[in-house]
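Visitor: Before we start, here is the structure in question, set down as structure tokens.
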Amino acid sequence: MSSKAPSLTVSSSPSTSTSTSLSRLQTIANHMSPASITNFPAEAVPQAPEDPLFGLMRAYKADQSPDKVDLGIGAYRDDNAKPWVLPVVKKADEILRNDPEANHEYLPIAGLASLTSKAAELLLGTGAPAIAEKRVASVQTISGTGAVHLGALFLARFYKVNGANRTLYLSNPTWANHHQIFTNVGIPIEQYPYFDKKTKGLDFEGMKASLANAPDRSIILLHACAHNPTGVDPTPEQWREIAELMKAKKHFPFFDTAYQGFASGDLDRDAGAIRYFVEQGFELVIAQSFAKNFGLYGERAGCFHFVAPPAPDAAEVTTRVASQLAILQRSEISNPPIYGARIASIVLNDKDLFAEWQENLRTMSGRIIAMRQALRSKLEELGTPGQWNHITDQIGMFSFTGLSETQVQKIRSDFHIYMTKNGRISMAGLNTRNVEYVAKAIDRVVRDLS
């Protein structure tokens with residue numbers, strides 16, 4: 001009698017069963033869950049547009065044309081279109097590298113005192129009463145941008161009306177970063193007319209009318225010299241009128257100075273507007289950069305200065321302001337960077353090096369002035385439609401050419417010449433090898449697209 005073998009059922013072990021179930025659950029969960037689990041979806045954090053100037057730099061570098069010309073970036077170039085390390089900076093660097101006491105320790109919160117004290121003198125003049133009377137508080141910053149930002153933070157915190165931030169007035173146009181810096185700290189912005197498109201000079205009457213109509217005690221940002229982006233500066237007489245009007249309205253001056261000595265080649269002349277306002281008894285602040293006039297672009301050396309008006313309690317006011325600036329600085333950057341500050345300090349505190357620096361400044365400003373003259377001359381020789389005297393009337397690194405956005409696009413596509421879309425060009429990008437090519441390109445687009 002045969003018997004059937006019992007069938008055996010093989011069952012999964014508990015651990016295998018559990019693993020399979022979890023895997024299936026995870027698969028289902030993956031299909032049901034959104035692809036992204038970020039706390040910062042696109043509707044909350046949209047993609048920001050590329051900075052126009054740095055986008056222009058990227059496009060220029062990618063251009064393979066041997067004829068390409070960079071007139072966009074605000075940095076000095078020599079006649080070979082190369083960055084120029086100032087000879088006096090090389091000497092200061094050698095001194096620093098051979099200093100046995102040099103180290104990489106933290107600076108104080110307010111920065112390198114041997115820099116900030118001389119930086120104030122550079123702006124206000126040696127022996128300035130404001131300095132002698134201890135009415136100046138100075139803080140080393142992350143170049144001019146950091147100085148503007150520190151000033152914006154201070155005013156947002158302490159300069160209010162009925163608990164609200166006072167309005168800041170910017171020139172139209174101005175350095176694009178001004179808008180972002182002040183908006184980011186909650187200071188409302190208005191604009192005052194500045195550039196006259198017809199004359200390609202200063203709209204002085206429009207500027208005065210706007211300042212006169214602004215609410216009393218408004219903040220007025222002023223470019224001390226070499227206005228960016230237009231290259232148009234008020235005359236000394238016009239500065240006096242501006243000061244008189246602002247005093248009557250009790251406006252608060254905020255000077256931004258990035259080109260002292262670089263504009264005219266004369267440090268005292270380029271500080272003339274600031275010194276006049278201080279002499280007139282204004283309470284004011286100044287953002288100061290050493291990027292252009294020392295060629296320390298990437299070293300981020302600058303200062304922020306508060307100047308109190310002459311009064312019995314001026315020194316006490318200055319001390320209080322300095323204490324609050326230190327608190328703000330501590331929470332932002334803790335301590336400023338040391339290398340660029342030391343380089344500038346070495347030069348500013350040595351009589352011979354200072355004199356050599358002045359000569360370096362004359363070299364840079366002189367070459368730019370020569371390029372202005374050459375460009376205007378070649379445009380006039382070509383009979384390019386329009387008036388071109390504004391090229392030499394303007395001052396400093398930049399010139400507002402008057403080219404339209406359409407003309408700017410055409411000169412870029414047809415001639416590989418790069419400038420900002422508003423027609424601003426960096427005069428430092430011109431040299432004896434390309435100025436004729438640029439002039440002929442401008443002539444062509446003006447004729448084709450007038």
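Visitor: Which one of these does Met419 not meet: (1) open to solvent by 70 Å² or more (accessible area, probe 1.4 Å); (2) under 25 Å from Gly55 (Cα atoms)?
Guide: (1)
Visitor: Taking the residues in segment 88-113 that are under 24 Å from the mean Cα position of the chain (by Cα) and part of a helix (DSSP H, G or I) as candidates, determine which candidate is nearest to Arg275 (Cα to Cα).
Guide: Restricting to residues being under 24 Å from the mean Cα position of the chain (by Cα) and part of a helix (DSSP H, G or I), the top hit is Ala113.
Visitor: Would you be able to say whether some residue in segment 82-92 is in contact (Cβ under 8 Å) with a residue 60 or more places away in the chain, aromatic (Phe, Trp, Tyr) and closer than 30 Å to Ser323 by Cβ?
Guide: no
Visitor: State yes or no: is Gln280 of a type in the set (S, T, N, Q), open to solvent by 10 Å² or more (accessible area, probe 1.4 Å) and over 17 Å from Ala428 (Cβ atoms)?
Guide: Yes: the conditions hold for Gln280.
Visitor: Looking at segment 235-268 only, could you name the residues that are open to solvent by 10 Å² or more (accessible area, probe 1.4 Å), without any contact (Cβ under 8 Å) to a residue 40 or more places away in the chain and touching a strand residue (DSSP E or B) at 6+ places or on another chain (Cβ under 8 Å)?
Guide: Selection gives Gln238 alone.
Visitor: Another question about this same structure. Given (1) among the aliphatic types (A, V, I, L, M); (2) under 23 Å from His416 (Cβ atoms); (3) assigned to a loop (DSSP other than H, G, I, E, B), identify the lone condition not met by Leu53.
Guide: Among (1) among the aliphatic types (A, V, I, L, M); (2) under 23 Å from His416 (Cβ atoms); (3) assigned to a loop (DSSP other than H, G, I, E, B), the lone unmet condition for Leu53 is (3).
Visitor: Sort through Ile181, Ile187 and tell me the only one that's crowded, with 17+ Cβ neighbours inside 10 Å, free of Cβ contacts under 8 Å to residues at least 40 places away in the same chain, assigned to a loop (DSSP other than H, G, I, E, B) and in contact with a helix residue (DSSP H, G or I) (Cβ under 7 Å, 6 or more places away or on another chain). Quick ask: steps written out before the conclusion?
Guide: Working: Ile181 fails: assigned to a loop (DSSP other than H, G, I, E, B).
Only one candidate qualifies: Ile187.
Visitor: Further question: Just the residues that are open to solvent by 60 Å² or more (accessible area, probe 1.4 Å) and under 23 Å from Gly201 (Cβ atoms), please, taken from segment 347-380.
Guide: Ile369, Gln373, Arg376, Glu380
Visitor: Take Leu403 and tell me if it is modelled with pLDDT of 95 or more and farther than 17 Å from Phe294 by Cα.
Guide: Answer is no for this residue.
Visitor: Ala156 fails exactly one of the following numbered conditions: (1) in a helix (DSSP H, G or I); (2) under 27 Å from Met364 (Cα atoms). What is the number of that condition?
Guide: Unmet condition: (2).
Visitor: Looking at segment 422-450 only, could you name the residues that are over 21 Å from Lys197 (Cβ atoms), open to solvent by less than 70 Å² (accessible area, probe 1.4 Å) and polar (S, T, N, Q)?
Guide: Asn431, Asn434
Visitor: In addition: What number of residues within segment 71-116 satisfy the criterion of being among the charged types (D, E, K, R) and modelled with pLDDT of 95 or more?
Guide: Final tally of qualifying residues: 4.
The values are calculated or read from the model by the stated rules, or taken from the named source; none is laboratory data. This structure is a prediction, so every number in the text was calculated from the model and none was measured. As a convention, Cβ positions derive from the backbone with ideal geometry for all residues, glycine included, and neighbour counts pool all protein chains shown. Side chains included, ligands, DNA and RNA excluded: accessible areas come from the protein's heavy atoms. Shrake-Rupley method; radii C 1.70, N 1.55, O 1.52, S 1.80 Å.
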